[in-house]
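Data first, discussion second: the structure below is written as C-alpha cells.
Just so it is clear, none of the values below were taken in a lab; they were calculated from the coordinates. It should be emphasised that the depicted structure is a prediction, and the values quoted were computed from it without experimental measurement. Note that each Cβ is placed from the backbone with ideal geometry, even for glycine, and that neighbours are counted across all protein chains shown.
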Amino acid sequence: MKKLLVLLSLLTLSQPSFSEDKFLGPYMGAGISYGQGVKTGDNIWHAAIADNAFDVYKNIPYQYDVKAEGLSLGITAGYNFKFKDQIIYGLELEHNQSNNVRDQSNLTLPQNANVNGACEMDSTAKQNLKAFDSLKMRVGFLPKENINIYASLGPAIGKVKTNILHKWDGTVGGCGGPAEANDSSTEFGYAASLGAEYLLNNHLALKAEYTRLDLGDSKLNMYRAADTSSQVADYKFKNEYDFVKFGINYYFK
C-alpha cells in the first residue's frame, strides 16, 4: 500500500500543476498569420465617362475584385485580470509585419465604357499591407484550468501601399497612353479576434486565432504618365483582411 501511495505521489509530482491563475498577469507572445480574401476596389470617377453614363458603366471594368493572400509575423504583449470564476479580461497590444499582396491584371476596357472610342487596355491593381498594429480589449472563458477561449476587439492602424497601372494599345484616338496611380498611406480601423489558448506548462501556451482587420478605405487619384496634370480617374479600395494565426504566449506569473 505504501509503495502504491509513493508511486501515485511521484506521478502527481511529474505532471504540471494548472491553476486558473496561470492565465493572469503579464504575458508576451509571437505568432505567424496567413491572410486571405477577395476584396473590391471601385472606380468612383473617370474622365472618359460622361456623368449621365457613369452609373451604368463604372463596374466594367472599373471595379476590381482582387485576391489578398500572404503571411505576416507578429508579436504581442498583454495583461490579464480575473473577473470572476472562469472569466478573465485584459488588454493586448499587437504588432505585425506583413507581405499581404493583392493583384489583378489583364482587364479590358469595353467599347461602350469610353466616349472617345474603343481602347484595348491591360490593367494591373496591386495592394500591399505592409504592417498593422492593434490594441484590443480581451475577454476569456476558462472551461478547464489550462484552456482559455477568448474574444477581443479594439482600434487598429495599418500601413497600406496601392498601385494601379493602365496600359492602352494606343491604336484608337483618345486612349492617351499609360496612366498610373500610387498611394502609400496610414489607415485607421478596427481588429476583432476569436481564439483559444492551451497551457503546455505553468508558463507556455499554444494559441490559435482568427482575426478580422478592417482599415477603412484608401482613395487614389490617377494621372497620365505623359501629363501629370491630366487626371484620369479616382479609385477607392476597401482595406479588409481575414487572418488565421498560430503562435505561442509566455505568462510571467
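The modelled label-to-label distance between Asn221 and Leu93, using points 7 Å beyond Cα along the C-beta direction, is 3.6 nm. Checked against a 27 Å cut-off, the cross-linked pairs Lys84/Lys159; Lys82/Lys245; Lys136/Lys207; Lys136/Lys161; Lys130/Lys219 give Cα-Cα distances beyond that limit for Lys84/Lys159. Taking packing as the residue-averaged number of other Cβ atoms within 10 angstrom, the listed peptides 72-84, 237-249 run from highest to lowest as 237-249, 72-84. Counting 0.36 nm for each residue step from Leu204 to Glu145 and taking away their Cα separation leaves a gain of 19.9 nm.
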